[in-house]
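Worksheet for the structure shown next.
The values are calculated or read from the model by the stated rules, or taken from the named source; none is laboratory data. Owing to the predicted nature of the structure, the values given are computational and were not obtained by experimental measurement. Methodologically, a virtual Cβ is constructed for each residue, glycine included, from the backbone with ideal geometry; neighbour enumeration extends over all protein chains shown. Areas reflect the complete protein model, heavy atoms only, side chains present, ligands, DNA and RNA absent. Shrake-Rupley method; radii C 1.70, N 1.55, O 1.52, S 1.80 Å.
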Amino acid sequence: MNSDKALITEQQIKLLLSYAVLAPSSHNTQPWRFEITDGTVFMFADETRALAISDPNSRELYISCGCALMNLRAAAAHEGFSISINVEPASGDDALLAVISFNKQHSSSLKDAELFKSIESRRTYRKNFASKDIPNEILDSLRMTASKEDTWLEFITLEESRRIVAELISEGDSIQWSNPNWRKELASWILPRHQGGGLTMHPFLVPVARAIVRTLDMGMGIAAKNKQLTAKSPALAVLGTANDNVTDWLKTGQSLEKVLLSAHSKGLQAAYFNQPIQVASLRPKLQSLLKKTGVPQVVISLGFPKDQIGASPRRRLDEVIK
């Protein structure tokens, strides 16, 4: 057995993974699974939790898995481990996304370790933020955070550009909700809270909510709400990459979660408005507004929350570790 690997136990790895799975994911699908072998973690895409209609290329699935990788990095650093992540493993299994090894002999990343304390209290904030400007130095630090992960973060500051982005988000809502198959897929992820995933609510309400989502096109109302949330957001930003492949999507996820955790450490929370990226015809229109070259991957709003909100439920660890 490799001497470095012998320095981390399976119990320690499971502790680290308990923080990895607190990462955000589309519809709270939590589309990851792990195998632990001889002190090494193998991370797989859980394709049974893919969103065939809203995410046909599994782009957001891989971004979600990248977010989990970032949490794993932060948790490992907090425990004094440096880690090595191979995101292009030679394998015949297309679902294998990364191979993670741990090392106690080298110094861990202090900056990653500092992010650890934000993992449990980071939230997706779906309400209006407080009417408080975000200092420029915070925005600059978040740009730098993204750049260190080989991605870019561009804040939309011009009022006209913000208006157009809000309209693209609204248009995306209308297009998605008008699709019966999209609504059917969304309804399938409305789950009782005890199941530990999805868009959860009280078990008695689940059948009614599913029926409403499947049968009613609520795009106009959702579009109006999201347009209003976007307009009132203290900061609106696009996270992007140079290219648009699995490696870039995993980069995006790690960068996104690092930005979210860094933002939380400064008192901020975030929300996602990815409709202009999810709807393929709108993505070039979003790109045309940006100064950065490359591919937009995520649209987020940032601000200071008005109140505390609860965490989305998670699946049990034994459900995601083989």
Restricting to the stretch 229-254, name every residue that is in contact with a Gly (Cβ under 8 Å, 6 or more places away or on another chain) and either closer than 24 Å to ILE134 by Cα or open to solvent by 20 Å² or more (accessible area, probe 1.4 Å) (or both). SER233, PRO234, ALA235, GLY240, ALA242, ASN243, TRP249, LYS251, THR252, GLY253, GLN254
Looking at (1) touching a Ser or Thr at 6+ places or on another chain (Cβ under 6 Å); (2) among the hydrophobic types (A, V, I, L, M, F, W, C); (3) more than 24 Å from VAL295 (Cβ to Cβ), which one does ILE134 not meet, given that it meets all the others? (1)
Going by what's in this entry, would LEU286 be described as touching a residue at least 12 places away in the same chain (Cβ under 8 Å), over 18 Å from the mean Cα position of the chain (by Cα) and not in a loop (DSSP other than H, G, I, E, B)? yes
Residue set SER262, SER281, SER301; condition in a helix (DSSP H, G or I), at pLDDT 95 or above, under 28 Å from SER118 (Cα atoms) and of a type in the set (Gly, Ala, Ser); output residue SER262
Select from the stretch 28-50 the residues that are under 25 Å from LEU191 (Cα atoms) and open to solvent by 10 Å² or more (accessible area, probe 1.4 Å) and write down the one among them that is farthest from the chain's Cα centre (by Cα). THR48
Counted residues in the stretch 52-95 being surrounded by fewer than 18 Cβ atoms within 10 Å (Cβ to Cβ) and at positive phi come to 1
Residues in the stretch 167-183 that are over 22 Å from ALA50 (Cα atoms) and either open to solvent by less than 60 Å² (accessible area, probe 1.4 Å) or modelled with pLDDT under 95 (or both) total 4
Every pair of residues 6+ apart whose Cβ atoms lie under 7 Å, when the first sits in the stretch 194-219 and is touching a residue at least 24 places away in the same chain (Cβ under 8 Å) while the second is open to solvent by 90 Å² or more (accessible area, probe 1.4 Å) and charged (D, E, K, R): GLY196/ARG316; THR200/ARG193; ARG214/LYS184
If the requirement is being within 27 Å of VAL298 (Cβ to Cβ), free of Cβ contacts under 8 Å to residues at least 40 places away in the same chain and in contact with a His (Cβ under 8 Å, 6 or more places away or on another chain), which of these qualifies: ALA50, ALA113, ALA77? ALA113
The one condition in (1) open to solvent by less than 40 Å² (accessible area, probe 1.4 Å); (2) among the hydroxyl-bearing types (Ser, Thr, Tyr); (3) over 23 Å from THR200 (Cα atoms) that SER301 fails to fulfil: (3)
If GLU35 satisfies every condition in (1) out of contact with any strand residue (DSSP E or B) (no Cβ under 7 Å at 6 or more places or on another chain); (2) assigned to a strand (DSSP E or B) but one, which is the exception? (1)
Within the stretch 239-250, does at least one residue satisfy the condition of being part of a strand (DSSP E or B), touching a Phe, Trp or Tyr at 6+ places or on another chain (Cβ under 7 Å) and modelled with pLDDT of 95 or more? yes
